[in-house]
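Note sheet for the following structure.
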Amino acid sequence: MVHTLADCAGEGGKGACVTDGVECVTGCKRFAKGIGSAFKEAAKCLHDGGLRLLHSDKAGEFAVLEESQTQEKAEATISKNFLREVGGKEKHLKKMRTSAENFCNEFSFDQLAKATKSSQVSLQRSFKLKTHKEGNTFKTIVAYRGTWHRIVAAFLQRHFKKLPVDDSIFVRNSDEVVECTDSPGISSFSVDGQNLFCSVPQDTDVSCRAEY
């Protein structure tokens, strides 16, 4: 980060900028108590100026975008990766949680049903900026901590992992991938995950759970 900022200063002031920057970074521990308030002031300044601060994916840096750009890129990535629910969103989400609760009660999972009922109804999403991609698109981060999705998923995973599964495309660790690609004709490859667990057909998923 220090060198990135120094590059903006030009050759004349680059050396001094690096020196001052390193001194500032290494001395941050001495001012740890005041760092929190400094960040809050910086965030407020950006917000008041109609700017948004995002974390840069893979680069480990930060990027500043105008509010309109942030909204546009967020809309684009949401439209690409999620289905929009038309109408009463909150009511629909609560209905889904109730369905999960009823599913638990049906199989006498009383504690699971109680935990599901008192949990959050929706997943939380945030964004990172793909500065290494053309167009600087957004990467969507979905977190389900504290939601009924995580509670039910953890319960099912804990019990289903005991079942023997013969999955031809299952990858246990990275060593198995290396074994498959360990040939003179392959030097590198990239995997782009598109269809994750959120895209699994719910009706089929529930029927399979009930069967087992």
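Starting at the first residue of segment 100-105, write each ³J(HN,Hα) from the Karplus equation 6.51 cos²θ - 1.76 cosθ + 1.60 with θ = phi - 60°, in whole Hz, x for Gly and Pro.
5, 5, 5, 4, 5, 5
I need the phi-derived Karplus couplings for segment 112-120: 6.51 cos²θ - 1.76 cosθ + 1.60, θ = phi - 60°, integer Hz, Gly and Pro marked x.
5, 5, 5, 5, 5, 5, 8, 9, 5
Once both labels are modelled 7 Å past Cα along the beta-carbon direction, what's the Lys114-Val178 spacing in nm?
Output for this residue pair reads 4.8 nm.
Between Thr147 and residues 5 or more places away or on another chain, which pairs have amide H atoms under 5 Å apart, with H built 1.01 Å from N, and which residues are they?
Amide H neighbours of Thr147, under 5 Å, 5+ apart: Gln120.
In segment 132-176, whose amide N lies under 18 Å from the spot 7 Å out along Cα-to-Cβ of Ile186? List them in ranges.
From segment 132-176, the list is 168-176.
Once you've got the Cα coordinates, tell me which of Lys80/Lys128; Lys80/Lys162; Lys139/Lys162; Lys58/Lys80; Lys44/Lys128; Lys73/Lys133 are over 24 Å apart.
Numbers: Lys80/Lys128 15 Å; Lys80/Lys162 35 Å; Lys139/Lys162 34 Å; Lys58/Lys80 21 Å; Lys44/Lys128 20 Å; Lys73/Lys133 13 Å.
Among Lys80/Lys128; Lys80/Lys162; Lys139/Lys162; Lys58/Lys80; Lys44/Lys128; Lys73/Lys133, the Cα-Cα distance tops 24 Å for Lys80/Lys162; Lys139/Lys162.
Please identify the trypsin sites (Lys or Arg not before Pro) of segment 56-123 that satisfy two criteria: DSSP loop assignment and at most 14 other Cβ atoms within 10 Å. Which are they? Write down the numbers at each step before the final one.
On the way: sites: Lys58, Lys73, Lys80, Arg84, Lys89, Lys91, Lys94, Lys95, Arg97, Lys114, Lys117; in loops: Lys58, Arg84.
Within segment 56-123, the qualifying trypsin sites (Lys or Arg not before Pro) (loop, at most 14 other Cβ atoms within 10 Å) are Lys58, Arg84.
Relative contact order for segment 51-164: what is it in percent, counting Cα pairs under 8 Å that are at least 6 residues apart? Don't skip to the end; give the middle numbers.
Details: 125 pairs, mean separation 30.1, N = 114.
That works out to 26 percent.
Taken together, the values in this text are just the output of simple stated rules run on the coordinates, not laboratory data. Please read these numbers as outputs of a predicted model, since none were measured by experiment. FYI the Cβ positions are ideal-geometry reconstructions off the backbone, even for glycines, and counts take in every protein chain you see.
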